[in-house]
Amino acid sequence: MPEGRRSSVIFSTSSPVPKPAGLIDAISEIQQYYIIEKTGQDIPPEFLTIRGVMTFFTVGFKNGFIEGIILGLFLPIAWGVWEDKIPVFGSVEHDLFTKLFIFMLSFGISLSLMLLFGIILSRYYIGNLTRRAINSLVWGRAISLTVKGLIIFALYYVLVLFWTPENIWKVGEYVWKSNPEGFYEKAMSLRHAVWMSAWMQLVTSPVLSVIPFGCLKVRRKQLG
C-alpha cells in the first residue's frame, strides 16, 4: 500500500449492532471505534446504523435522566439550607461558607460529572464512526436532562399549588398527631425553597446539557 494513503476497512453486513448496557459500556464501544480509526482506517459513518445510533442515544438518555432525578432531590435540600430552614452540622443558622458548600455539593456533582463526561468523550472525537456514536450519546444525555428539568419543574409547580396552609395542616394532623403545629410551621417554611429549586432545575438542566458539546467543540478546533 502506498505510503500516506489511508486504508479502508471492510465490514461484513452481519456486523453486530452495538448493545451497550450502560454508560461505561457505551464509552468502551466508542474506544474500540477510536482505536480502529486512529490507525488510519476509513469507516463509513453508515456502519453505525440507525439502530446503533438509537442504542447510544438511549444509553445517554437513561443515564442523564437518573442523574437529573438525583439532582432534583438534592436541590430542595440545598435551598432549605441556604434559607436557614434545614439544619446542617447541628445548627439551622449557617455561615456563607456552609451554604455555598451544601449548594455546590448538590449542584457541583452534576457539573463535575458533565464536565468529566465531555472531556473523556472529546478525547476520542475523531473519525466519522466515532463522532457519530459520540454525538448520539451526548444528544441523548442532553435531551434527557432538559426533559428531566421540565418534568421536575412541573411536579414541583403542582406540589407548590397544593402546598396551602389548609392542606399542610390536614397533613400535619394525619402524620404528626402529637405536634401538628410544629409540622405546619416547618412545612410552610420550606415552601419557598421547593419553589426556588423548581426554577433552579428549569434553568440549570439546559446549561448542564451543553457542557459536553462545548468540550467537543474545543476538540474540533484542536484537530483543525
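The values are calculated or read from the model by the stated rules, or taken from the named source; none is laboratory data. In this text, all values refer to a predicted model and were calculated from it rather than measured experimentally. All Cβ positions, even for glycine, are placed from backbone atoms using ideal geometry, and neighbour counts span all protein chains on display.
Here are the numbers for this structure:
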| item | result |
| --- | --- |
| Selection from the stretch 167-179 of residues that are surrounded by fewer than 17 Cβ atoms within 10 Å (Cβ to Cβ) and either closer than 29 Å to Phe107 by Cβ or of a type in the set (A, V, I, L, M) (or both) | Val171, Val175 |
| Any hit, the stretch 115-124, residues being closer than 30 Å to Leu190 by Cβ and assigned to a helix (DSSP H, G or I) | no |
| Residue in the stretch 48-58 that is surrounded by 14 or more Cβ atoms within 10 Å (Cβ to Cβ), part of a helix (DSSP H, G or I), in contact with a helix residue (DSSP H, G or I) (Cβ under 7 Å, 6 or more places away or on another chain) and at pLDDT below 85 present | no |
| Which numbered condition Lys217 fails, given (1) under 21 Å from Ser112 (Cα atoms); (2) under 15 Å from the mean Cα position of the chain (by Cα) | (2) |
| Verdict on Phe101 being assigned to a helix (DSSP H, G or I), of a type in the set (Phe, Trp, Tyr) and over 16 Å from Thr204 (Cβ atoms) | yes |
| Pair list, Cβ under 6 Å, 6 or more apart: the stretch 59-75 residue within 23 Å of Ile86 (Cα to Cα) and in contact (Cβ under 8 Å) with a residue 40 or more places away in the chain, other residue assigned to a helix (DSSP H, G or I) and of a type in the set (D, E, K, R) | Gly68/Lys148 |
| Residue check for Pro76: within 20 Å of Met188 (Cβ to Cβ) and crowded, with 20+ Cβ neighbours inside 10 Å | yes |
| Residues within the stretch 21-47 that are surrounded by 12 or more Cβ atoms within 10 Å (Cβ to Cβ), polar (S, T, N, Q) and not in a helix (DSSP H, G or I), tallied | 1 |
| Where a residue in the stretch 108-135 is touching a residue at least 60 places away in the same chain (Cβ under 8 Å) and over 30 Å from Gln201 (Cβ atoms) and its partner, wherever it lies, is basic (Lys, Arg) and part of a helix (DSSP H, G or I), with Cβ under 7 Å and at least six apart | Ile126/Lys38 |
| Among the candidates Thr164, Thr146, residue that is of a type in the set (S, T, N, Q) and either surrounded by fewer than 18 Cβ atoms within 10 Å (Cβ to Cβ) or at positive phi (or both) | Thr164 |
| The stretch 169-206, residues that are touching a Gly at 6+ places or on another chain (Cβ under 7 Å), closer than 13 Å to Leu159 by Cα and not small (Gly, Ala, Ser) | Leu190 |
| Hey, Ile86 modelled with pLDDT of 70 or more and assigned to a loop (DSSP other than H, G, I, E, B) or not | yes |
| Residue within the stretch 180-203 that is surrounded by 13 or more Cβ atoms within 10 Å (Cβ to Cβ) and either at pLDDT 90 or above or not in a helix (DSSP H, G or I) (or both) present | no |
| Near pairs, Cβ below 6 angstrom, 6+ apart or cross-chain, from the stretch 23-51 (within 21 Å of Ser144 (Cα to Cα)) to any residue that is in a helix (DSSP H, G or I) and at pLDDT below 90 | Leu23/Asn63 |
| So Ile143, is it in contact with a Gly (Cβ under 9 Å, 6 or more places away or on another chain), not small (Gly, Ala, Ser) and not in a helix (DSSP H, G or I) | no |
